[in-house]
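Below you'll find the structure, written out as structure tokens, and then a few comments.
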Amino acid sequence: MNMDVIVSLCKRRGFIFQSSEIYGGTGSCWDYGPLGVELKNNIKRAWWRDFVQQRDDMVGLDASILMHAMVWKASGHVDHFTDPMVDCRECKHRFRADQIDEMPWTHFCAATKGNKFTIPAGEPCGHCGARRTLCPDCGKGDLTAPRQFNLMFKTFMGPVEEDAAVTYLRPETAQGIFVNFDNVLQSMRKKLPFGIAQIGKAFRNEITPGHFIFRVRELEQMEVEYFVNPHERVEGRPADEHAHDRWIEACLAWYIRYGIDAQHLKLHEHGRDELSHYSKRTVDLLYDFPIGWSELMGIANRTDFDLKQHAQASGKTLTYFDEERKEHVVPYVIEPSFGVERAFLAFMLDAYREEEVRGDKRVVLRFQHELAPTKIAVLPLLKKRPEIVATAQGVRATLARDWSTVYDDTAGIGRLYRRQDEVGTPYCVTVDVQTVGDSATGESGDQCVTIRERDSMEQVRVPIPELPGLFRDLLGDRSWSDAVARYPRAKP
Ligand code: ATP
């Protein structure tokens, strides 16, 4: 699957636009259009409901983006949140030193009179056996030695740009949770194990952003910090290790529940050299993106590192009193960290299908219903008949009380269906002459409309008053074939 197809669909159909496009665009910044904002909100809403609302061991938080500068010193971000950066002395392109061998490289091969080849990542030249030493893009320039580059965006709090006023845009939402650990513990009287969840923006001055919304500088995270008592054992294992496995399963199941094919997901266990300084174990969930298998999200065991660091730097006690053992403990933390952009991209990619219908190509986004930006499109068959328009508008207004619903009369019905398929709308409702009748001939209407289902393209005829009840079933957990069994089929 080609990323360009999704990028183009996103722009054409109002999901994602380049930020500040009329000024030539801002690198790696994207704006979510009318349908994009709905999809993004649906992802976040489903996540919050599943991981916060429905669990009695979870609570939410919305911490501020600007925090005390000491937070980032204590957390290790000032000293360690860096990537090694190298530059090409010739073409001036910039690379992450740790990723440079993961990209194909350009080679002018002396053994073949200087012919130019593009060689797969990490492989030597098949003709001369040389390995890459120069710039992988231009194949000519020397690379500078790696320099550590801190990814945090620095800014100043207040009107004076002086060292004392320096602060940072948060590079992760997690720290807002750690510094509020005791506030939540005291105010909510939670017992271990419990988790605090947060959805919010984070900022990373990435050296090589790109691949559409895969790597951006302004991102959104959905994070959980799940606190467990490290002295407890569950099913014969330390509680943190047990909880870590449960969270890995829960995260995997969540993506599958919302439509991702299990075959497009796999786990990656971090090796010793990959682990962050705070981590006991980290498992990434990878998705088969068009750029290859890449991180969709990460689930880390952060141990007691963060709470201890903040306790030491702030002088405050950040412990939990274990009533049973009569001891104060610093909880261990399991952190499932979801990126909203990567979830958005994976849901788009997995939903995308090109099908052939009666000799024509049909593009359809088979979104899981809850994620679909628009649930129902109401389409009048003839926009010049006032009774049809009035009935269709009335149906739209009724359904819009409960679901995101659009009215569209800007093309013929075939075109309108294709348009809704392409943005993943699960149901279309069509109002036609049969619905309203014909006052000129005195013919009365049947007050029924046609409902069309996106994936099967089947259609049934349903009385207007029954629409809210039927959609409650269809957009709830009843299948199409079951819910519409008692209605007559309509011809497509
Ligand atoms: P990567 O190795 O891809 O840079 P990371 O390991 O630094 O990612 P984490 O710090 O674990 O990422 O962040 C958790 C999640 O936040 C990631 O799995 C991803 O979904 C999301 N994320 C992180 N950085 C970005 C970014 N620059 N753009 C989009 N999403 C991001």
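Results, tabulated for the structure shown:
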| read-out | value |
| --- | --- |
| Per-residue HN-Hα couplings for the range 176-183 [Karplus 6.51, -1.76, 1.60; θ = phi - 60°; Hz; x = Gly/Pro] | x, 6, 4, 6, 9, 3, 5, 4 |
| Efficiency of FRET from Cβ geometry, Thr26 and Asp261, R₀ 30 Å, rounded to 0.05 | 0.35 |
| FRET E, pair Ala164, Val7, Förster distance 51 Å, beta-carbon r, rounded to 0.05 | 0.70 |
| Amide N proximity, the range 184-220 versus Ala250 label position 7 Å along Cα-to-Cβ, cut-off under 12 Å | 193-198 |
| Å² of accessible area per residue within the chain, as computed with a 1.4 Å probe and no ligands counted | 48 Å² |
| Estimated inter-spin distance, Glu90 and Lys308, nm [label 7 Å along Cα→Cβ] | 4.9 nm |
| Overall dimensions of the range 1-96 as given by Cα atoms, namely Rg and Dmax in Å | 19.6, 58 |
| Nearest-ten-degree value, helix 34-48 long axis tilted from longest Cα axis of the chain | 60 degrees |
| ³J(HN,Hα) computed for each position of the range 294-304 - Karplus, 6.51 cos²θ - 1.76 cosθ + 1.60, integer Hz, glycine/proline x | 9, 5, 8, 7, x, 10, 10, 9, 8, 6, 9 |
| Extended-chain gain in nm, criterion 0.36 nm per residue less alpha-carbon gap, Lys383 and His277 | 31.8 nm |
| Mean Cβ count within 10 Å, highest first, over the residues of peptides 17-26, 210-219, 380-389 | 210-219, 380-389, 17-26 |
| Virtual spin-label span in nm between Ala145 and Gln186, 7 Å along Cα→Cβ | 5.0 nm |
| The chain shape via C-alpha gyration tensor axes, a/c threshold 1.5 | oblate |
| Part-to-part distance (alpha-carbon centres) for the range 300-344 and the range 223-269, which is given in Å | 17 Å |
| Counting DSSP beta bridges with both ends in the chain, the antiparallel % (nearest 5) | 85 percent |
| Alpha-carbon centroid distance for the pair the range 56-134 / the range 349-423, whole angstrom | 43 Å |
| Whole-percent carbon and sulfur share, accessible surface of the range 345-419, 1.4 Å | 48 percent |
| Local net charge near Asp83, Cβ-Cβ under 12 Å (Lys/Arg +1, Asp/Glu -1) | +3 |
| Net charge, Gly236 excluded, C-beta distance under 15 Å - Lys, Arg +1, Asp, Glu -1 | -2 |
| Chain lengthening between Glu458 and Asp402 when straightened (0.36 nm per residue, less Cα-Cα) | 17.8 nm |
| Pair Arg366, Gln54: separation of 7 Å Cα→Cβ label points (nm) | 2.2 nm |
| Angle between the chain longest axis and helix 413-422 axis [Cα atoms, degrees, rounded to 10] | 20 degrees |
| Rounded to 10°, Cα long-axis angle of helix 3-12 versus longest principal axis of the chain | 50 degrees |
| Tensor-based shape of the range 290-448 (alpha-carbon gyration tensor, a/c under 1.5 rounded, otherwise prolate or oblate) | prolate |
| Added length on full extension, which subtracts the Cα-Cα distance from 0.36 nm per residue, Lys113 to Trp293 | 61.2 nm |
| Cα-based shape type of the range 99-243, given that a ≥ b ≥ c are square roots of the gyration tensor eigenvalues and the cut on a/c is 1.5 | oblate |
| Residue-wise HN-Hα coupling along the range 263-275, computed from phi with Karplus coefficients 6.51, -1.76, 1.60 (Hz; x: Gly, Pro) | 5, 8, 10, 8, 9, 10, 8, 5, x, 4, 6, 8, 4 |
| Calculated FRET efficiency for the pair Ser444/Glu323, C-beta based, R₀ 56 Å, to 0.05 | 0.15 |
| Under-5 Å amide H pairs with Gly437, H placed in peptide plane, nonlocal only | Gly445, Asp446 |
| Long-range amide H partners of Met103 with built H, under 5 Å | Gly122 |
| 5 angstrom amide H check on Phe153, placed H, neighbours 5+ away | Leu169, Asn205 |
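The values are calculated or read from the model by the stated rules, or taken from the named source; none is laboratory data. None of these values were measured; they are calculated from a predicted model. So basically every Cβ, Gly included, is an ideal-geometry build from the backbone, and we count neighbours across all protein chains shown. Calculation scope for accessible area: heavy atoms of the full protein, side chains included, ligands and nucleic acids excluded. Shrake-Rupley method; radii C 1.70, N 1.55, O 1.52, S 1.80 Å.
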